[in-house]
Amino acid sequence: MSEHLLDMQSLIGGYGGNDILKGASLTVAQNEIVVIVGPNGAGKSTLMKSAFGLVKIRQGAVIFQGEDITNMRPDLVVRRGMSFVPQEKNVFPSMTVQENLEMGAYLRKDGGAAQQMERIFEIFPRLKERRKQAAGSMSGGERQMVAMGRALMLDPKLILLDEPTAGLSPLFIEQTFERIVEINKLGIGVLMVEQNAKQALEIAHRGYVLAMGRNRFEDTGAGLLANREIAEMFLGG
Amino acid sequence: MDVTDLLQLAIYGVVLGSILTLGAIGVSLLFGILRFSNFAHGDIMTLGAYAAFAVVSTLHAPVWLALPVGMIAGALVSVAADQLVYRRLRRTQPVILLISSFGMALIIRSLVQLVWGPQDRSFVKGIDMPMHFGDLMVSPQQLWILGGTIVIVIAVHLFLTRTRMGKAMRAMSDNMDLARVTGIDAEKVIVWTWALGGALAAAAGVFLALDTRLTPMMGWSALLPIFAAAILGGFGKPYGAIVGGMIIGVASEMSTAVLPPAYKPATAFAVMVIMLVVKPNGLLGARR
């Protein structure tokens, strides 16, 4: 039994055909923000998705809160307290903001959905204003809020974010990172893949640099930012 | 051909449109969630109509009481067809699923013929006198069809917007992958979608039989205009199906003002083809 919230051990696997992950490992502790960075095609998203049963793992193990969840179906992983926000198509476009959030609580049987929704409206006041609006008619930044709100409805222990700032304007990028810190302060672990590596590492407790499906570096966020070699190779100087 | 005649045709069109709408909502819901054009939908209509007919003829129950029985039969047979056949083929190519639904259509139609025989039957014996509103005529059956459709469409709307299962159906139709990672039990939602689609098809079948007659071919012949209605409204959009059904129904009936009645299905298709050329995603269809 490890003290990690999430423990991914030497994963080998992919989407069928060639392996994308070639022995990558990663841990997330309770309440930690962890960022995966690295060049295109390094397997960053694949590594994160493998925690959620979306990647076929041939070797290695994914342990979540002490339980082996390797290759477990996503709807069963969700029940165990992990939520996933995909990079694209991460809202139900024809449904209102409120309905999107309700869907996030689909599994919830304890009647705490309304309370949780209020808590999410506190983090994202914008969503409260727009609760009756169809999610598909919102801007990219607002949709990202809806998607994160949806993922928080089950009050998860860990939230996975796949490039949460992709395609957003600089203002929204900053706001999104602020919200992620806020979410983390609620006691929710965050694992994310980010292209805006510098900004992401600034808010991260720890970071992993992935290359060719393997771990390349691993350090605190500040440590990776201070590392010359990494800066030159992966963070654009 | 004067204004009264055109209005009369419009009334017939709305009645036909009601029937097409009920059929098209089911087709559209199923397509939205499973990306599957169900060719057995028309024969589920037939089966529902005959099941209701069995209740009417053996228990001498009124049609409105037999309607729910027919709808339950339609729902059960649809769910059974899915669980026995379609579910196993869901991961294969779409064309295999399509052909299997052709097979299912033949099986259901044959069963109907086996049980009730190939001859025409009718819910109402003798002739019901139509009611006159000025120069316009409406039969009591047509009023039942209109009223029944309005009630059912409102019920479907409330189901889709107010209930957990209804919202989950819309979510699955919007984005299947996201629904799964959100924790929605896809298989359960699929079963409920078949049940709803089958029940609506059966209702359409009962209404069609009420307006015309029961024949083993009745649903099959209605299938193509129903697909036209679903496509016109934007395939996969249940609300579009309502608009599509009405437009196809009214256009088909109005066309008899200038064309022989045999061209009604052709009119439905002409409307659909024009739609596909002008707005390929349908009236309410979103960009893909």
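Read-outs throughout are calculated quantities, based only on the coordinates presented, and are distinct from any laboratory measurement. None of these values were measured; they are calculated from a predicted model. Note that each Cβ is placed from the backbone with ideal geometry, even for glycine, and that neighbours are counted across all protein chains shown.
Under a point-charge model restricted to the Cβ atoms of Lys and Arg (+1) and Asp and Glu (-1), what is the dipole moment magnitude of chain A relative to its Cα centre, in debye to the nearest 20?
520 debye
Could you give the size of the charge dipole of segment A:141-222 about its Cα centre, using +1 on the Cβ of each K and R and -1 on the Cβ of each D and E, expressed in debye and rounded to the nearest 20?
200 debye
Based on alpha-carbon positions alone, could you give the equivalent ellipsoid semi-axes of chain A from the gyration tensor, as √(5λ), descending, whole Å?
Each semi-axis is the square root of five times an eigenvalue, giving 28, 21, 16 Å.
Decide, for segment B:179-274, between rounded, prolate and oblate: order the square roots of the alpha carbon gyration tensor eigenvalues as a ≥ b ≥ c, take rounded if a/c falls under 1.5, and otherwise choose prolate if a/b is larger than b/c, else oblate.
oblate
If you average the alpha carbon positions of segment B:116-163 and of segment A:1-67, how far apart do those two centres end up, in angstrom?
A separation of 58 Å, based on Cα centres.
Going through segment B:110-194, which chymotrypsin sites (Phe, Trp or Tyr not before Pro) have at most 10 other Cβ atoms within 10 Å and a DSSP loop state? Show your work: numbers first, answer last.
Numbers: sites: B:W116, B:F123, B:F133, B:W144, B:F159, B:W192, B:W194; in loops: B:F123.
Answer in residue order: no site qualifies.
Do you know the relative contact order of segment B:1-155, to the nearest whole percent, from alpha carbon pairs under 8 angstrom that are 6+ apart?
30 percent
Given only helices, namely DSSP H runs of n ≥ 4 each adding -39500 (n - 2.57), what is the per-residue ellipticity at 222 nm of chain B, to the nearest 500 deg cm²/dmol?
Working: 11 runs with 209 residues, N = 288.
Only helices count here, giving -25000 deg cm²/dmol.
Counting helices only, and only those DSSP H runs with n ≥ 4, report the 222 nm mean residue ellipticity of chain A as the sum of -39,500 (n - 2.57) divided by its residues, in deg cm²/dmol to the nearest 500. Mind showing how you got there, number by number?
Numbers: 10 runs with 86 residues, N = 237.
Mean residue ellipticity at 222 nm (helix-derived): -10000 deg cm²/dmol.
Within the P(r) computed for segment B:70-215, what percentage of the Cα pairs occupies the region above 24 Å?
48 percent
May I ask you to give the average projected area over all directions of the convex hull of the Cα atoms of chain B, in nm² rounded to one decimal?
For chain B, averaging the hull's shadow over all directions gives 15.7 nm².
Shape of the protein assembly as shown from its Cα gyration tensor (a ≥ b ≥ c, root eigenvalues): rounded if a/c is under 1.5, otherwise prolate when a/b > b/c, or oblate? Show your work: numbers first, answer last.
Working: a/c = 2.72, a/b = 2.35, b/c = 1.16.
Because a/c hits 1.5 or more and a/b exceeds b/c, the protein assembly as shown counts as prolate.
Can you give the relative contact order of segment B:176-288 as a percent, counting alpha carbon pairs under 8 Å and 6+ residues apart?
Working: 94 pairs, mean separation 25.3, N = 113.
Relative contact order for segment B:176-288 comes out at 22 percent.
What relative contact order, as a whole-number percentage, does segment A:157-237 give when Cα pairs under 8 Å and 6 or more residues apart are counted?
Rounded, it is 25 percent for segment A:157-237.
Cα axis of helix B:3-34 to longest principal axis of chain B: angle in degrees, 0 to 90, nearest 10?
20 degrees
With θ taken as phi - 60° and the coefficients 6.51, -1.76 and 1.60, list the Karplus ³J(HN,Hα) couplings across segment B:144-159 in order, rounded to whole Hz; mark glycine and proline as x.
In residue order, the calculated couplings are 4, 4, 4, x, x, 5, 4, 4, 5, 5, 5, 4, 5, 4, 5, 4 Hz.
Rg/Rh for segment B:219-288: what does it come to with C-alpha atoms and Rh from Kirkwood?
0.99
Could you bin all the Cα-Cα distances of segment B:71-132 into 5 Å bins starting at 0 and give me the percent of pairs in each, rounded to whole numbers?
4, 14, 16, 18, 14, 10, 8, 7, 5, 3, 1
Using the Karplus curve 6.51 cos²θ - 1.76 cosθ + 1.60 with θ = phi - 60°, what ³J(HN,Hα) values do you get for each residue of segment A:87-100, in whole Hz, with x for Gly and Pro?
For segment A:87-100, the Karplus curve yields 6, 10, 6, 9, 10, 8, x, 7, 9, 6, 3, 4, 5, 4 Hz.
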